[in-house]
Structures are given as structure tokens and as C-alpha cells.
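Notes follow the structure.
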Amino acid sequence: MRLTHIHRQYRPTLSSRKLSNSGPGHGRSRLPNLSFIFPLCFRQLHSSTLRRNLTLHPQPSGVNLLGTSFHSRVFPLFATMSTAAGSDAKPVFRIGITSAFDSGNIRHESTELDGDKDNIATVSLSIVPDPHTELEDKAHMQHFAFRSSVSAPPAMTSLRTVRYEISNAGDASYACAWSGTTVFASDRYDASASGDDGWRRVPSTSYDASSGVLSWTYDHSSGPGSSVHFGYFPPYTYDRHLALVGRASGVAAPGLAVRSLGRTLDGREIDYVRVGTGPLQAWVIARQHPGESMAEFYVEGLMERLLLDFSEDDQIAARALKEFTWHLVPNMNVDGSVRGHLRTNAAGSNLNREWDDSPDYKAPTLERSPEVYHVLREMDRTGVDFFVDVHGDEELPFVFLAGSEGCPNWSERLKGLHGAFLGRYCTSSGGDIQKEVSYEPDSPGEGKTCICSNQIAVGI
């Protein structure tokens, strides 16, 4: 997980070349702008401090619903069974593969009966890419999520081990991240659940770099029928998102406001929660990249601490609400999340490259990136003293902090504040965040203002 971190008040505007110096909060320079990064490739998951830090979000193909394409197919496998009257071909096994749900992403390629005694079948699959991204000139992909339903007569319950293969894993945006990772599985997944819905690692996962195939086996013999969800990371669904926002609107909290900042290209609301009455303006956004959905679990935990499970006995939360006004956007990219994308919204825009113009590319725009457009306008209205942009990382199995060293206003003071915040966070988090591993910082003056954290940094 990455956290971008700057330490001064930002007056964001729709262009970093026309910065506003007026409005609420201007002139304060106390606190950091952060960009957290959670690893998507956790080898061990913690359910304590960052107890919500898992998730996944892919994309489907087939039927279209609100701009979302789905893929769903059922595959009956036939074997010969002997009867008193002789031998007849009868359907013995039935395997159904579907990604026709919120965040689903998979394409079925083939299903074959296996000749060996260990697996009844091998299911070949492929990940569906995001729409083409104009600015980066590529179609990202990595995330997947699908359900497999395997059924057989009771007499065959011991023969339900299926091998799954993702044939195009080597073409993923971060193929090197497959090595050492493990697929998730849940046999009791509830898309609206707010507690433990059974996601566990599949230890048989392996990646063959020479063929580019990610594979694992799963024993479906838990009963007469076995329906299991698989994913690169457990999803944080839109249903759960709506439930989180609904819970927030139903509590009594100081300065509370729950509203929409605008609408996405697919017509969904850009949900925004404000809480607290302090003079300092703290902004936290998550999930610009929809596949990094552990970021929304992080914001869920923050919201529970600040308002959903708030107690006057929690002196830290009480102080935070008194000294800050919190502005929270739990999911910047709800369209991409529902569609099962890795990095883009409905138009194929990478939102974390839409915060300022690039050469021959105007951003943000209502036509391509309304999510950034509306959030940036609200930031300009309120001012920003403290900023957190929560991300996930496919390759680094650590929680870490990333700064804005490449921005022209990076200074010894900001470097000191950044280090002090990181040190305090490491001390208080119980080991969930560390400071030894992070991204290589940009060279001085090389920070791109189309990236969210840099746009906010140079807006000081």
C-alpha cells in the first residue's frame, strides 16, 4: 500500500499553472500530504490494525448492463457410467464459470477432462483487459474475480479437484508480481458482508514465467455442490460501498455531511463524507485505481474510528474531530470497480494521470475524468492542509509511504516533516507500516503534476 505524503496546505485548482491563493485555510503549512500503498501481493494478511486491508477488482465480457460487460458460462463434463442395462454416457460433473457480478473479470477459454487421477478437469481462463488508456497507450490488466460451481453425484464426491489456469497472466501489467503470490478463494462469499466472508489464500498457486501461466488447484468436495469465488484479491464491492456510505449518513457526528460531488460516466454518484469541526482541512481519497481495492478497506477502517464506532473514550479520534475537518472519498473510481478494471474508469482513463494537463492532453475533463474534475473543484473550495491518497501495489509486499520529492517546492523542512510523520506512524501502527522499502523518489523537478500527489504538492 502506498501513501503519498507532502506537509503543507494545498490550494488545488483545475490547473496547476493557475493556483488560487485565497479561500479557507490558505497559508497553513503544518501537516502532510500522504499516499499510502498497500501491497496486493501480501504473503500474510493482518486483520488487526489494517483489518480491512484486502480486496480486488477485475472486469468481465458478454452481456452489457450499465456499461458493464459480463461473462457467464456453464460446462457439463461427460463420463461413462455403468448401469444394469449396460453403459450409457451420462453427465457426471457440471462446472459453471461466471464473472457476471460486481467486480467480476474472467474469460473462459476451455474446459478439459484430465486423464490423471488427481484432477477431474483443467479450466483454462484469461483476464479481460481494461479499455485502452490514451495517455499511456496501453490496455492494463491484472485483476480477476470469478465464481466456479462444481457439482457431481454423491458417489463422486472424492473426485472434485479442479485445476485452474490463467493463460495470459504473463501479459499482465505487472507480470513479475505473480511470482510468490497466492490466489484468494471463498466458499461463503457475501458481496454485502462487512465482516469475515471466508477469503483464504490458495497455497497451491504457482506461476510459470516461461509460459506466462498462473495456475492453482482446488478441492471442491465440500458437499454435493460446491460454489467458490476466486480472485486476485478479495473484492470491496459496490454494495458494500453503498452500505458504508449509508451507515455514515445514519450516525450523529460533529460536522457530518454525506453527499455526492457529482456523477461518473456510468451515472453513479461520487460519494463524499465530511466529519469534524476543526479548522484544518484533511482530505483522504482512495481507489483511483479500482483494482487496488484494499484502499477502500483502509478508508472503511478510518471511518469506523472517526464516526461509525466513535466513542468519547477514544481521545485520539475525539482530538482528530476537534482539530480537523475530514473530507473522505472512499472510492474515486466506482465505475472501474464495478466493471472489474485494474487501473481505469469507464472511459479507459487512469485517474491518477488526470490531475493536470499533459502535452497534447487536457485533464481533467467531464467527458473523460469527471471523478477527478469534481473532487478537485471541492478541494479548491475547502482548501487542503493534510492529504492522503491511498493506493495498492502489485509488486512490493509492504505498506509504505511515498513522498513528492520531485516537486519544485520539496525542501528540507518538508523532508523533515515527512520523516517525522513516517516515524510516528511506524511506532504507533504495531508494525503494519515500515520505512525501509518504498518507491525510488523522482529526481528534483521531475515530478509530474498530472499525478494526484504531485498536483497537490505544487499547489501549496
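Residues satisfying the criterion are absent from segment 279-287 (criterion: closer than 23 Å to Ala139 by Cα and either part of a helix (DSSP H, G or I) or hydroxyl-bearing (Ser, Thr, Tyr) (or both)). Val251 falls short of the stated requirement of being in a strand (DSSP E or B) and over 23 Å from Gly340 (Cβ atoms). Total residues in segment 159-182 satisfying the condition of being assigned to a loop (DSSP other than H, G, I, E, B), open to solvent by less than 50 Å² (accessible area, probe 1.4 Å), in contact with a strand residue (DSSP E or B) (Cβ under 7 Å, 6 or more places away or on another chain) and not β-branched (Val, Ile, Thr): the figure is 2.
Six or more apart or on different chains, Cβ under 7 Å: which pairs go from a residue in segment 171-193 that's under 18 Å from Leu214 (Cα atoms) and free of Cβ contacts under 8 Å to residues at least 24 places away in the same chain to one that's exposed (fewer than 15 other Cβ atoms within 10 Å of the Cβ) and of a type in the set (Gly, Ala, Ser)? Could you list them? As it stands, the answer is none, since no pair meets every condition given. For segment 337-393, the set of residues classified as under 19 Å from the mean Cα position of the chain (by Cα), open to solvent by 20 Å² or more (accessible area, probe 1.4 Å) and among the charged types (D, E, K, R) consists of Arg339, Arg353, listed by residue number. How many of the residues making up segment 254-278 are part of a loop (DSSP other than H, G, I, E, B), open to solvent by less than 20 Å² (accessible area, probe 1.4 Å), touching a Pro at 6+ places or on another chain (Cβ under 8 Å) and not hydroxyl-bearing (Ser, Thr, Tyr)? Qualifying residue count for the region: 1.
Table: residues versus (1) basic (Lys, Arg); (2) touching a Leu at 6+ places or on another chain (Cβ under 8 Å); (3) under 26 Å from Leu366 (Cα atoms).
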{"residue": "Asp266", "(1), (2), (3)": "no, yes, yes"}
{"residue": "Tyr272", "(1), (2), (3)": "no, yes, yes"}
{"residue": "Gln281", "(1), (2), (3)": "no, no, yes"}
{"residue": "His289", "(1), (2), (3)": "no, yes, yes"}
{"residue": "Leu302", "(1), (2), (3)": "no, yes, no"}
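The C-beta contact set for segment 348-368 (first residue free of Cβ contacts under 8 Å to residues at least 24 places away in the same chain, second residue assigned to a helix (DSSP H, G or I), distance under 7 angstrom, 6+ apart or interchain) comprises Thr365/Tyr373; Leu366/Tyr373. Taking segment 413-446 as the range and being open to solvent by less than 50 Å² (accessible area, probe 1.4 Å), among the small types (Gly, Ala, Ser) and touching a residue at least 24 places away in the same chain (Cβ under 8 Å) as the test, the residues that pass are Ser429, Ser438.
The values are calculated or read from the model by the stated rules, or taken from the named source; none is laboratory data. Owing to the predicted nature of the structure, the values given are computational and were not obtained by experimental measurement. No Cβ is skipped: glycine too gets one built from the backbone with ideal geometry, and neighbour counts run over all protein chains shown. In case anyone asks, the SASA skips ligands and DNA or RNA and just uses the protein heavy atoms, side chains included. Shrake-Rupley method; radii C 1.70, N 1.55, O 1.52, S 1.80 Å.
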